[in-house]
Amino acid sequence: MRATVSEMRPKALVVEDEAVTRTLLEQLLQSLDCDVDLAVDGEQALALILAHRYDVVLLDIMLPKMSGIEVMEALRRERPRVLDCVIVVTGLDIREIRSLFPAVHDTLPKPVLPGRLREAVRSCLIRPRTAEMAVDERITPG
């Protein structure tokens, strides 16, 4: 069985409540040939992350309903390996975020420089994946 073109493209999630920034991040990921899903709050983001497998997640911190910090805390408890594909994009102190969540792939300050974001996304997409990471974590013995 052959994979379709969309199945071979990296899958990305943009988590951003500000519409203009969300659209810019979406366009940047599309320019890198990613299929992009969008979330406008932390609850929606966590539900999508738990339901799908993403190659990269761009995550804001200041979000309605559930903050990006709370999303990452939930991931650390439920799916710690997913943090490796998270790129935090925030106006907050990136050193503090990095110290709280050292497993995230990268942390970038807002306003984000497009070239730096492209570099971070490319780095995330080409990182080595272990066989354990490639396993779909939604399937559990039961």
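Taken as a whole, segment 55-74 holds at least one residue that is in contact with a helix residue (DSSP H, G or I) (Cβ under 7 Å, 6 or more places away or on another chain), in contact (Cβ under 8 Å) with a residue 24 or more places away in the chain and of a type in the set (Lys, Arg). Right, Ala12: over 19 Å from Gly91 (Cα atoms), of a type outside the set (S, T, N, Q), at pLDDT below 95 and outside any helix (DSSP H, G or I) or not? Against the criterion (over 19 Å from Gly91 (Cα atoms), of a type outside the set (S, T, N, Q), at pLDDT below 95 and outside any helix (DSSP H, G or I)), Ala12 does not qualify.
Restricting Val57, Val36, Val14 to those that are of a type in the set (A, V, I, L, M, F, W, C), more than 13 Å from Ile87 (Cβ to Cβ) and under 12 Å from the mean Cα position of the chain (by Cα) reduces the list to Val36.
The set of residues from segment 46-97 being in a loop (DSSP other than H, G, I, E, B) and within 25 Å of Ile126 (Cβ to Cβ) comprises His52, Arg53, Tyr54, Asp55, Asp60, Arg79.
In segment 84-120, what residues are touching a Phe, Trp or Tyr at 6+ places or on another chain (Cβ under 9 Å), among the aliphatic types (A, V, I, L, M) and farther than 11 Å from Ile61 by Cα? Before the answer, list the steps.
Applying the first criterion (touching a Phe, Trp or Tyr at 6+ places or on another chain (Cβ under 9 Å)) to segment 84-120 yields 85-86, 88, 107.
Keeping just the survivors that are among the aliphatic types (A, V, I, L, M) gives 86, 88.
Matches in segment 84-120: Val86 only.
With respect to the conditions (1) modelled with pLDDT of 95 or more; (2) over 19 Å from Arg122 (Cβ atoms); (3) in contact with a helix residue (DSSP H, G or I) (Cβ under 6 Å, 6 or more places away or on another chain), Ala103 falls short on a single one, namely (1).
The values are calculated or read from the model by the stated rules, or taken from the named source; none is laboratory data. Only a predicted model underlies this, so the values are computations on that prediction, with no experimental measurement involved. Cβ sites come from the backbone with ideal geometry, for glycine too, and all protein chains shown count toward neighbours.
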